[in-house]
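Enquirer: I am attaching a structure below and will ask some questions about it afterwards.
The values are calculated or read from the model by the stated rules, or taken from the named source; none is laboratory data. Keep in mind that what you see is a predicted model, and the values were worked out from it rather than measured. Ideal geometry is used to build each Cβ from the backbone, glycine not excepted, and the neighbour counts take in all protein chains shown. We work out accessible area using only protein heavy atoms, side chains counted, and drop any ligands, DNA or RNA first. Shrake-Rupley method; radii C 1.70, N 1.55, O 1.52, S 1.80 Å.
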Amino acid sequence: MTAKPKGFPALDTKEKDDLVDELTQYGLANGLIMYPEGFRNFEADLAPLTIFPTPFPQSEFEKAKALSIPFSKLYGEIVFERKWLIKIAEELSTSDTGFTGKLYESYKKAKKEGIIQNVSLALTRSDYMFDTVSNQIKQVEYNTVSVSFAGLSQKVGEAHKYLNDSGLYETSGKKYYKDSELAISESPDGLAKGLGEATKYYNAHFTDANNTIVLFVIQPKERNAFDQRLIEYSLLKNFGVRSKRVELTKFTSRVAVDKKTRRLYLDGDEVSVVYYRSGYSPSEYEQDAAWDARVLAETTTAIKCPSLLVQLSGAKKIQQLLTIPQNLDKFYSRSSIWRKKLESTFCKIYPLDGSNQGQTAKKLAFEHPENYVLKPQREGGGNNVYKEDIPGFLKSIPESQWAGYILMELIHPPLEKNILLRDGQLFNDGIVSELGIYNASLLDESTGKIISNSYGGHLLRSKISSSNEGGVAAGYGCVDSLYLY
Ligand code: ADP
Ligand code: MG
């Protein structure tokens, strides 16, 4: 890396206050918002965000984008390699504390009742951090269910561009960043395009109806509702597809399924795509109605985003297994240039099982925990165990459960100087950032054909560097945008 980023704009206190006022009103005016804790539905706040874009090496951003299609192809192939995927899910059922097992059980139940729709939609996000040790991006995880912030990502990029265009980043009133240095994400349209194309495919192949809807299956009291709405609005505006919303636990009581055709309806509208913005966390399944919903949806003709198999392919265990070259051989030949590029983003990840690698990992976890993060098969933030907490945590659970976790080497992102704005308060502590790359791909799980596959835009999230996790809604982080150098 030869280029160096320029420093952050140097503003005095008054200029900074003005900037925060401008940013706040721009954000509120343009839907860069989120519901606060315990909200009433007419009250929304500015989403947590940075006041400047954050430096990121352009070449590594381009690399991450270029990897979008190879990565989604890889995960598509994993779903097509059903026996392999199922074997892993089965093994996890015995060690994991229940959630993966329940997902797999639901798949088996649906299979027994009859899965008649083999086409599924994967709206995914591959997350990376720039690693200062190896000077390249490293993959944090690959998300295959309910990927969020595609809507707000575009808004925060536009907000930073507005501040730059207005001259608010410079005492002189000029632009501080060149236009080409700022990247605005097309992610709301990227995900809407995936949903729109899936609807089109459904209308062409599985029904006579031409006014089918996308059904957003959501969590109750969703704080990040506006992020989802931005996708809905793009879906209608750019692709002419209507959408409706239903809570996961209310799904079975709200929908109707035609016994003969297995078509799915909500209030008389035929559903082409069931789009889960929920269903990734065990806490959502306290009522059996949530599992019933997953099984029922799986046995209808509606295209699921994601199907149970696509969701299972996003298990952190799969990410660990892919770092073993013999496993990756199933999907990419060793001579493929994409394979080398994919592998260059992998961190060392270990299983904690009885294998040789597992034995090594158990030693590392106790002797050098400061270099690792321990992850269960979970999504949505707040589940990982970091560094010195690892040994105590492992000792607190039966060793038979350790195989449900992976041990991952820590990435060392650069510390940046940006200022975080949350609840009207500024935080000046220094931040680290995580880049997300969205992808939309339509899969035929029975023929192993990828019907379509497209890059879906990007996301930058940042967190105060002293915090281990970066969840925005969970209160650890904020949305950000890229200053490419
Ligand atoms: P989740 O499925 O809960 O989002 P992640 O694997 O994304 O789990 O981990 C949550 C957060 O923990 C990430 O957003 C990142 O901030 C931090 N993290 C995860 N893995 C690493 C790693 N290998 N090195 C440094 N930080 C990490
Ligand atoms: Mg994550």
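Enquirer: Tell me the residue from Leu321, Leu308 that is at pLDDT 95 or above and open to solvent by less than 10 Å² (accessible area, probe 1.4 Å), please.
Expert: It is Leu308.
Enquirer: Does region 380-426 hold any residues that are open to solvent by 40 Å² or more (accessible area, probe 1.4 Å), in a strand (DSSP E or B), near ligand 1 (Cβ under 10 Å from one of its atoms) and within 30 Å of Val156 (Cα to Cα), and which are they?
Expert: Across region 380-426, there are no qualifying residues.
Enquirer: So, one more: Quick check on region 442-454. Is at least one of its residues open to solvent by 40 Å² or more (accessible area, probe 1.4 Å) and either within 16 Å of ligand 1 (Cβ to nearest atom) or among the aromatic types (Phe, Trp, Tyr) (or both)?
Expert: No, every residue in region 442-454 fails to be open to solvent by 40 Å² or more (accessible area, probe 1.4 Å) and either within 16 Å of ligand 1 (Cβ to nearest atom) or among the aromatic types (Phe, Trp, Tyr) (or both).
Enquirer: Can you spot a residue in region 453-471 that is in a loop (DSSP other than H, G, I, E, B), at pLDDT below 95 and away from ligand 2 (no atom under 15 Å from the Cβ)?
Expert: Yes, region 453-471 contains a residue that is in a loop (DSSP other than H, G, I, E, B), at pLDDT below 95 and away from ligand 2 (no atom under 15 Å from the Cβ).
Enquirer: Anything in region 171-183 that is assigned to a loop (DSSP other than H, G, I, E, B), at pLDDT 95 or above and open to solvent by less than 60 Å² (accessible area, probe 1.4 Å)? List them, or say none.
Expert: Listed by number, the residues that qualify are Tyr176, Tyr177.
Enquirer: State which residue is least open to solvent (accessible area, probe 1.4 Å) when the search covers only region 203-232 and only residues that are more than 17 Å from Thr299 (Cα to Cα) and of a type in the set (Phe, Trp, Tyr).
Expert: Phe216
Enquirer: Of everything in region 366-379, what is of a type outside the set (S, T, N, Q) and either open to solvent by 60 Å² or more (accessible area, probe 1.4 Å) or over 27 Å from the mean Cα position of the chain (by Cα) (or both)? Give them in sequence order.
Expert: The answer is Phe366, Glu367, His368, Glu370.
Enquirer: Then there's this: Val145: surrounded by fewer than 22 Cβ atoms within 10 Å (Cβ to Cβ) and within 16 Å of ligand 1 (Cβ to nearest atom), yes or no?
Expert: no
Enquirer: Right, another one. Sort out which residues of region 212-268 are hydroxyl-bearing (Ser, Thr, Tyr) and out of contact with any strand residue (DSSP E or B) (no Cβ under 8 Å at 6 or more places or on another chain), and write them in order of number.
Expert: Residues satisfying the conditions are Tyr233, Ser234, Thr249, Thr252, Ser253, Thr261.
Enquirer: Quick one: would you say Leu312 is within 15 Å of ligand 1 (Cβ to nearest atom) and closer than 30 Å to Ile116 by Cα?
Expert: The answer is yes for Leu312.
Enquirer: For region 91-123, how many residues meet the condition of being assigned to a loop (DSSP other than H, G, I, E, B) and either in contact with a helix residue (DSSP H, G or I) (Cβ under 9 Å, 6 or more places away or on another chain) or closer than 14 Å to Arg378 by Cβ (or both)?
Expert: Matching residues across region 91-123 total 5.
Enquirer: Please determine, by comparing only the residues of region 233-272 that are in contact with a Phe, Trp or Tyr (Cβ under 7 Å, 6 or more places away or on another chain) and surrounded by 19 or more Cβ atoms within 10 Å (Cβ to Cβ), which one is nearest to Ser106 (Cα to Cα).
Expert: Looking at residues that are in contact with a Phe, Trp or Tyr (Cβ under 7 Å, 6 or more places away or on another chain) and surrounded by 19 or more Cβ atoms within 10 Å (Cβ to Cβ), I get Val255.
Enquirer: Does any residue in region 372-401 that is farther than 22 Å from Glu284 by Cα come within less than 7 Å, Cβ to Cβ, of a residue that is acidic (Asp, Glu) and not in a loop (DSSP other than H, G, I, E, B) six or more places away or on a different chain, and which pairs are these?
Expert: Tyr372/Glu409; Lys387/Glu370; Glu388/Glu370
Enquirer: When Ser120 is evaluated against the numbered criteria (1) in contact (Cβ under 8 Å) with a residue 24 or more places away in the chain; (2) away from ligand 2 (no atom under 16 Å from the Cβ); (3) under 30 Å from Ser355 (Cα atoms), which criterion, by number, is the only one it fails?
Expert: (3) is the only condition that Ser120 fails.
Enquirer: Ok, one more. State yes or no: is Val140 within 12 Å of ligand 1 (Cβ to nearest atom) and farther than 27 Å from Ile51 by Cα?
Expert: When the stated conditions are applied, Val140 does not pass them.
Enquirer: Here is a follow-up. Test each condition in (1) open to solvent by 30 Å² or more (accessible area, probe 1.4 Å); (2) in contact (Cβ under 8 Å) with a residue 24 or more places away in the chain; (3) touching a Leu at 6+ places or on another chain (Cβ under 9 Å); (4) assigned to a loop (DSSP other than H, G, I, E, B) for Asp353 and report the one that comes out false.
Expert: Of (1) open to solvent by 30 Å² or more (accessible area, probe 1.4 Å); (2) in contact (Cβ under 8 Å) with a residue 24 or more places away in the chain; (3) touching a Leu at 6+ places or on another chain (Cβ under 9 Å); (4) assigned to a loop (DSSP other than H, G, I, E, B), only one is false for Asp353: (3).
Enquirer: Does any residue of region 115-133 turn out to be modelled with pLDDT of 95 or more, within 16 Å of ligand 1 (Cβ to nearest atom), over 12 Å from the mean Cα position of the chain (by Cα) and surrounded by fewer than 19 Cβ atoms within 10 Å (Cβ to Cβ)?
Expert: Yes, the conditions are met somewhere in region 115-133.
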